[in-house]
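Peer 1: Quick one: the structure is below, and I'll ask about it shortly.
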Amino acid sequence: MITPDAPALPLRPELADEVPYGAPQLDVPVRLNVNENPYAPSDAVVATISRYVADAARELNRYPDRDFSALRADLADYLAVESGVRLDPAQVWAANGSNEVMLHLLQAFGGPGRTALSFAPTYSMYPEYARDTHTRWVTGRRAEDFTLDPAHAVATIEAERPSVILLASPNNPTGTALPPSTVEAVLEAAARIPAVVVVDEAYAEFRREGVPSALELLDAHPHLAVTRTMSKAFAAAGLRLGYLAASAALVDALRVVRLPYHLSAVTQAAARAALAHRDELLGQVADLRAERDDLVTWLRDQQVGGRPLQVADTDANFVLFGTFADRHAVWQGLLDRGVLIRETGPDGWLRVSVGTPAETRSFQDALTDVVAETAQKEQ
Ligand SMILES: *Cc1c(COP(=O)(O)O)cnc(C)c1O
């Protein structure tokens, strides 16, 4: 669309009608919209970060370690403690958020003439990574209860022949974790194409007791990549540090496409400082999981229009619930009461992040109010 005053810029035509990613960033008392950890770092954590960053600052005239070896070793140590899977630092990769890790994956394994596949509903950023790397984007379907039928997954892989398959587990926005048997069925079908399988475990630390991590499958599957982030459970969304575990060969391919020195010395230092406090930063995860399970129970007890609310099973730090005839009105009603949640997912559903107990109470009170008000209007 060329308007008379618009400068003639040679924008790629497929970007002409696109808008930037944007969950609303509104300054309201209760922010439960982007699945952050609600607990700010303690003074002790802040002090360590300051110290590490000060040390890095003394050498800011030099480029940082391009291969961030010390950070990769720290991340490998963390994964060993968190999941029991011991990896070599050469099997670990990191970037500015797992968003950038995903971009590296698509730059290396996607591209023109190639296809990336996922299963809807899932993370809204995936199609953007595909678009930005000229990769064809295809989605299969999740079942009514948001689980993934392995037979459907395998059939879709065989029909579409993707080079990259993206599986979020726990999935966003539904919270659904995939059983290892499903991931293994996908891995086997992918090996025959061949395709790289990316299991996005951004929320892995919140998984319920007994739900394993795909890290356990790395040994047997060199075409598997498991992505993680410090943005969610690790309470460091502002840090922008995402990472990946895979075979050393897969990681080597990512080293080719990354921009040189993509991880600043300041980021590397702050991430290492945060990892040194892992016990404390993850200390709230158990509370958040319990809070989440209570919130699911509470939501399932709520009635809307004479029907109980539907609530998806969740292994993440958020809950998808619905359905509402007019979800935007409910979202707006909550916002008018100072509670920001996310209007996302299939029609009629809303997603709320788990906050502090006080924030959860505010959300519950506001939702009760909004639902009562809607019922009155409909009478
Ligand atoms: C939040 C989220 C991420 C994390 O992205 P970062 O860039 O690491 O902040 C990745 N995947 C999913 C599905 C998410 O919801």
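Peer 1: Taking θ = phi - 60°, what integer Hz values does the Karplus form 6.51 cos²θ - 1.76 cosθ + 1.60 yield along the range 177-194, in sequence order, with x for Gly and Pro?
Peer 2: Karplus-based 3J(HN,Hα) across the range 177-194 equals 8, 8, x, x, 5, 5, 4, 5, 4, 5, 4, 5, 5, 5, 4, 6, 6, x Hz.
Peer 1: On to the next question. Which of the listed residues, THR356, MET102, LEU367, is farthest toward the dipole's positive end in the chain, when Lys, Arg count +1 and Asp, Glu count -1 at the beta-carbon?
Peer 2: Going by the charge dipole, the pick is MET102.
Peer 1: How high is the FRET efficiency between ASP132 and ALA249 when r is their beta carbon distance and R₀ equals 22 Å, given to the nearest 0.05?
Peer 2: Working: r = 25 Å, r/R0 = 1.12.
The calculated FRET efficiency here is 0.35.
Peer 1: So how far apart, in nm, are the two label points at GLU373 and ALA54 if each is 7 Å from Cα heading toward Cβ?
Peer 2: Distance between label points: 5.0 nm.
Peer 1: I want to check the label-to-label distance for LEU259 and ASP279. Put each point 7 Å from Cα in the C-beta direction and report it in nm to one decimal.
Peer 2: 3.9 nm
Peer 1: Let's see if you can work this out: charge +1 on each Lys and Arg Cβ, -1 on each Asp and Glu Cβ, no other charges. What is the dipole magnitude of the chain about its Cα centre, in debye to the nearest 20?
Peer 2: Numbers: 34 positive and 50 negative charges, 156 e Å.
For this selection, approximately 740 debye.
Peer 1: Within the range 77-105, what residues put their amide N at less than 12 Å from the label point 7 Å along the Cα-to-Cβ vector of ASP65?
Peer 2: Correct set: 89-90.
Peer 1: Moving to a separate point now. Between ALA151 and ALA191, what FRET efficiency follows from the Cβ-Cβ distance if R0 is 25 Å, with the result rounded to 0.05? Mind dumping the intermediate values first?
Peer 2: On the way: r = 17 Å, r/R0 = 0.69.
Approximately 0.90, to the nearest 0.05.
Peer 1: Once you have the Cα-Cα distance between ARG12 and ARG161, take 0.36 nm times their residue separation minus that, and quote the gain in nm to one decimal. All intermediate terms of the calculation are to be shown ahead of the outcome.
Peer 2: On the way: separation 149, 0.36 × 149 = 53.64 nm, distance 2.63 nm.
Full extension from ARG12 to ARG161 adds 51.0 nm.
Peer 1: Can you bin every Cα-Cα distance in the range 83-156 into 10 Å intervals starting at zero and give me the percent of pairs per bin, rounded to whole numbers?
Peer 2: 17, 37, 35, 12
Peer 1: Quick check: Cα centre of the range 186-214 to Cα centre of the range 61-117, how many Å?
Peer 2: The range 186-214 and the range 61-117 have Cα centres spaced 16 Å from each other.
Peer 1: Separate question: Net charge within 10 Å of VAL154 by Cβ-Cβ distance, Lys/Arg positive one each and Asp/Glu negative one each, not counting VAL154 itself? Could you put the intermediate results ahead of the total?
Peer 2: Details: positive: ARG192; negative: ASP149, GLU158, GLU188.
With Lys, Arg at +1 and Asp, Glu at -1, the net is -2.
Peer 1: Note the per residue figure in Å³ for the convex hull of the C-alpha positions in the chain.
Peer 2: Normalising the Cα hull of the chain by residue number yields 171 Å³.
Peer 1: Quick one: Cα centre-to-centre distance for the range 295-325 and the range 266-283, in angstrom?
Peer 2: Here the answer is 34 Å between Cα centres.
Peer 1: So in the chain, what percent of DSSP beta bridges are antiparallel if you round to the nearest 5? Mind showing how you got there, number by number?
Peer 2: Values: 18 of 37 bridges.
In the chain, approximately 50 percent of DSSP beta bridges are antiparallel ones.
Peer 1: Once Lys and Arg get +1 and Asp and Glu get -1 on their Cβ, which of LEU295, TYR203, PHE321 lies farthest toward the positive end of the dipole of the chain?
Peer 2: Selected residue: TYR203.
Each value in this text was obtained by applying a stated rule to the coordinates, not by laboratory testing. In this text the structure is predicted, and so the values were computed from the model without any measurement. Using ideal geometry, Cβ is built from the backbone for each residue, glycine included, and neighbour counts are taken over all protein chains shown.
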